[in-house]
Amino acid sequence: MMDGSPSTPGKFKMEKPSHHHHFHHHPSTARLLLRWHHSSPLSKFAFWAFLAIAVFAALFLLSPRPPSAEADPPPSSSLGGAASGNGGQHRRSLRTASWGGPAWEKRVRSSARIRRQLGGFSVLVTGAAGFVGTHVSAALKKRGDGVLGLDCFNDYYDPSLKRARQALLQRAGVFVVEGDVNDALLLRKLFDVVPFTHVMHLAAQAGVRYAMTNPASYVHSNVAGLVSLLEAAKSADPQPALVWASSSSVYGLNSKVPFSESDRTDRPASLYAATKKAGEEIAHVYNHIYGLSITGLRFFTVYGPWGRPDMAYFFFTRNILSGKPISIFEGPGHATVARDFTYIDDIVRGCVAALDTAGKSTGSGGKKRGPAPLRVYNLGNTSPVPVADLVSILEKLLGVKAIRRVVKMPRNGDVQFTHANISLAQRELGYHPATNLRTGLKRFVRWYLQYYQPNLVNKRGSKSGSSSS
Ligand SMILES: O=C(O)[C@H]1O[C@H](OP(=O)(O)OP(=O)(O)OC[C@H]2O[C@@H](n3ccc(=O)[nH]c3=O)[C@H](O)[C@@H]2O)[C@H](O)[C@@H](O)[C@@H]1O
């Protein structure tokens, strides 16, 4: 398994039960038993109490882990919603639903309050503690829109990174409610408390290869979670306009480049892609029946500061720095594997433009009043880079040679090549990506070192003046 692999439900290895020990053949066990026999009632009580707690803790830890990642939700902490599920596997939660109440509602309202004069939005951002969600939330807040976040803080990747993003947002005045998009009660409550003008739906189970490990998680977040959200949005009055994250992976085995929105998307190569494609079809239904204004954005391999540790550029950096080998995939016949890597700031501009240009939903209270917009856009960089070149850039920026292992691309859902045609987004959203991979990775590396090795950076910084540009 690759080092960058996320934590998975399977990561808790069950120890083989060892209760078939024949302790009467075992002198030390026999001695222990004898001692136990003569021990005081108090220490026996302590023993049983300890055992009960251990069993309880083990049951909790071994229960299936929650689903989604980047963005999407189960509970915990003081504001957690109801227990989140994972397809058929529901994670047990020791916490009870604790959202709601006047103080909580006040926080929600205050975070969602519009603070600019003309035409401000009130936006519910799902997956707000995710990579893209954090950046979009901060950008909207900065220009005076009201922003309320929702995130489940699951452990698909290190939740402490999500917590750090949450802290960042909190300082900016964005409250991130902890809860699952599958929690219909919580969603209804949020729409009752705030008349959201827009929803930026970024909660999802991301990652292409992890879909082979935990398929249920993709169905839970990307299909059931999306439907749950659309149900809440269509019943809300007023109905919000919805912008959500689809994926470049929907192009699947499409070999016509660059990929245009009108190209075939009926040959996904991964379950992840299939759930995103399903999302696009589901969007059509809710637009058609309920008059919801919906915009799908097909993101192309988004990278940058505060990024996702499960993505290649991120764990390559980690491995290069720690002297571990990295696997660079190649296609059949040594064919290059390449991605249209897109920098986060460009993506944020695309997201905000999609919100700005989203027409209104026409329904209310679940009834359609007229046709509403249904749109889909590629948000890429239109400049694919081979993965091997990405590694060379990282080597230069880090000043460390990578230990490269070129391996045949495993049959794990990856496609060989992505390349976005962005002319539609250019025309209709004014989307003009402005960051090449070198510049974007430089900013990523600067953030990475500051975040993970602040002491080293400060030392280096004090020797050479400044490490940033
Ligand atoms: O464009 C998208 O919609 C998708 O972009 C990324 O998916 P991916 O492009 O596969 O990004 P990485 O997982 O970071 O992989 C980047 C490249 O590195 C390659 N790779 C990955 C892992 C590895 O060990 N070696 C390796 O060469 C992959 O084949 C791929 O070409 C995200 O992870 C998805 O969540 C997102 O939906």
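From the phi of every residue in region 181-188, what ³J(HN,Hα) in whole Hz does the Karplus formula 6.51 cos²θ - 1.76 cosθ + 1.60 yield, where θ is phi - 60° and glycine or proline is x?
Taking θ as phi minus 60°, the curve returns 4, 7, 8, 4, 5, 4, 4, 4 Hz for region 181-188.
Sort 201-211, 153-163 by packing, meaning the average of other beta carbons within 10 Å per residue, with the highest value first.
Descending mean neighbour count gives 201-211, 153-163.
Going by amide H atoms built from the backbone, whose H comes under 5 Å of the H on VAL177, apart from near neighbours?
GLY149, LEU150, ASP151
Step through the residues of region 285-301 one at a time and calculate ³J(HN,Hα) from phi using the Karplus curve (6.51 cos²θ - 1.76 cosθ + 1.60, θ = phi - 60°), rounding each to whole Hz and writing x for Gly and Pro.
For region 285-301, the Karplus-derived couplings read 4, 6, 5, 5, 7, 10, x, 7, 7, 10, 10, x, 10, 8, 6, 10, 5 Hz, x marking Gly and Pro.
From the backbone phi of region 235-249, what are the Karplus-calculated ³J(HN,Hα) couplings (6.51 cos²θ - 1.76 cosθ + 1.60, θ = phi - 60°) in whole Hz, Gly and Pro given as x?
After applying 6.51 cos²θ - 1.76 cosθ + 1.60, I find 7, 5, 9, x, 6, x, 8, 10, 10, 9, 8, 8, 7, 4, 5 Hz.
What's the extension gain from ASN455 to ASP237 if we count 0.36 nm per residue and subtract their Cα-Cα distance?
73.4 nm
How much length is gained on full extension from ALA184 to VAL285, taking 0.36 nm per residue of separation minus their Cα-Cα distance?
That pair, ALA184 and VAL285, stretches by 34.5 nm at full extension.
Roughly speaking, what is the centre-to-centre gap between region 227-305 and region 132-177 when only Cα atoms are used, to the nearest Å?
Region 227-305 and region 132-177 have Cα centres spaced 22 Å from each other.
Beyond a 32 Å Cα-Cα separation, which of these cross-linked pairs lie in this structure: LYS162/LYS189; LYS141/LYS442; LYS256/LYS360?
Values: LYS162/LYS189 24 Å; LYS141/LYS442 26 Å; LYS256/LYS360 34 Å.
Where the Cα-Cα span goes over 32 Å, the pairs concerned are LYS256/LYS360.
Taking amide hydrogens as modeled 1.01 Å from N in the peptide plane, which residues meet the under 5 Å criterion relative to ARG298, leaving out close sequence neighbours?
Amide H neighbours of ARG298, under 5 Å, 5+ apart: SER246, TYR377, ASN378, LEU379.
Would you mind computing, in nm to one decimal, how far apart the modelled labels at GLN170 and ASN436 are, each placed 7 Å from Cα along Cα→Cβ?
4.1
If you take the beta carbon distance between SER260 and GLU395 as r and set R0 to 25 Å, what does 1/(1 + (r/R0)^6) give as a FRET efficiency, to the nearest 0.05?
0.15
Considering amide H positions built from the backbone, and no H for Pro or chain starts, which residues 5 or more places from THR336, or on another chain, come under 5 Å of its amide H?
For THR336, whose amide H was placed from the backbone, the distant partners under 5 Å are GLY331.
Every number in this text was worked out from the coordinates using simple rules, so none of it is lab data. These numbers were taken from a predicted model, which means no experiment stands behind them. All Cβ positions, even for glycine, are placed from backbone atoms using ideal geometry, and neighbour counts span all protein chains on display.
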